[in-house]
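Data first, discussion second: the structure below is written as structure tokens.
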Ligand code: FEO
């Protein structure tokens, strides 16, 4: 059964949000590179790559269900943050926003009795639990780092190990 036009629009909206997420994290990577925080930049580049794969997962699903992908403009992200904590805090807030968006997409699938979309979106619901947990952990650790330059230097190296 093909997805409805309503679901196609909702999926295309989510593709745009995932591509914006990729762009936002790439902007954060550029901010960290400018500050010589190569580990944090590496973490953000990996995250940007994950967001790209989320967008592509949605892209493939739209076609598998007989829909059409319609790409919209990607908004320009910010370029500056007050400090690393400010940037990661924004990443955490952004993930909460994405979780809300996935939940709304699931609700739309439910009201459409679109079981295939509901089953497909389960992966994203689970993924968002992880996405929020990862960002939140870094925010809490950066709070511990506080104003210590040496702790920041060490934590940057830890984040640089992300695979
Ligand atoms: Fe695609 Fe970070 O959620």
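Conditions tested, residue by residue: (1) within 30 Å of residue 156 (Cβ to Cβ); (2) touching a helix residue (DSSP H, G or I) at 6+ places or on another chain (Cβ under 6 Å).
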position: 21; (1), (2): yes, yes
position: 27; (1), (2): yes, no
position: 40; (1), (2): yes, yes
position: 49; (1), (2): yes, no
position: 61; (1), (2): no, yes
position: 67; (1), (2): no, yes
position: 73; (1), (2): no, no
position: 76; (1), (2): yes, no
position: 83; (1), (2): yes, no
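Scanning segment 30-50 for residues that are surrounded by 22 or more Cβ atoms within 10 Å (Cβ to Cβ) and within 13 Å of the ligand (Cβ to nearest atom) yields 43, 44, 47.
Against the definition (without any contact (Cβ under 8 Å) to a residue 24 or more places away in the chain, out of contact with any strand residue (DSSP E or B) (no Cβ under 6 Å at 6 or more places or on another chain) and loosely packed, with under 14 Cβ neighbours inside 10 Å), how does residue 137 come out, yes or no? In short, yes.
Criterion applied to 104, 78, 143 was being within 14 Å of residue 21 (Cβ to Cβ) and surrounded by fewer than 17 Cβ atoms within 10 Å (Cβ to Cβ), and the one residue passing it is 78.
How about segment 146-161: which of its residues are buried (at least 17 other Cβ atoms within 10 Å of the Cβ) and not in a helix (DSSP H, G or I)? Matches in segment 146-161: none.
Within segment 107-131, the set of residues being buried (at least 16 other Cβ atoms within 10 Å of the Cβ) and within 11 Å of the ligand (Cβ to nearest atom) comprises 124, 127, 128, 131.
Among the residues of segment 53-81, those that are closer than 21 Å to residue 118 by Cα and either within 16 Å of the ligand (Cβ to nearest atom) or assigned to a helix (DSSP H, G or I) (or both) comprise 53, 54, 55, 56, 57, 58, 59, 60, 61, 62, 63, 64. For residue 3, the stated conditions hold: it is part of a loop (DSSP other than H, G, I, E, B) and more than 11 Å from the ligand (Cβ to nearest atom). Tell me, please, whether a residue that is out of contact with any helix residue (DSSP H, G or I) (no Cβ under 6 Å at 6 or more places or on another chain), part of a loop (DSSP other than H, G, I, E, B) and over 30 Å from residue 2 (Cβ atoms) can be found in segment 92-108. Scanning segment 92-108 turns up no residue that is out of contact with any helix residue (DSSP H, G or I) (no Cβ under 6 Å at 6 or more places or on another chain), part of a loop (DSSP other than H, G, I, E, B) and over 30 Å from residue 2 (Cβ atoms).
We did not get these values from a lab; they are worked out from the coordinates using the rules stated. In this text, all values refer to a predicted model and were calculated from it rather than measured experimentally. Using ideal geometry, Cβ is built from the backbone for each residue, glycine included, and neighbour counts are taken over all protein chains shown.
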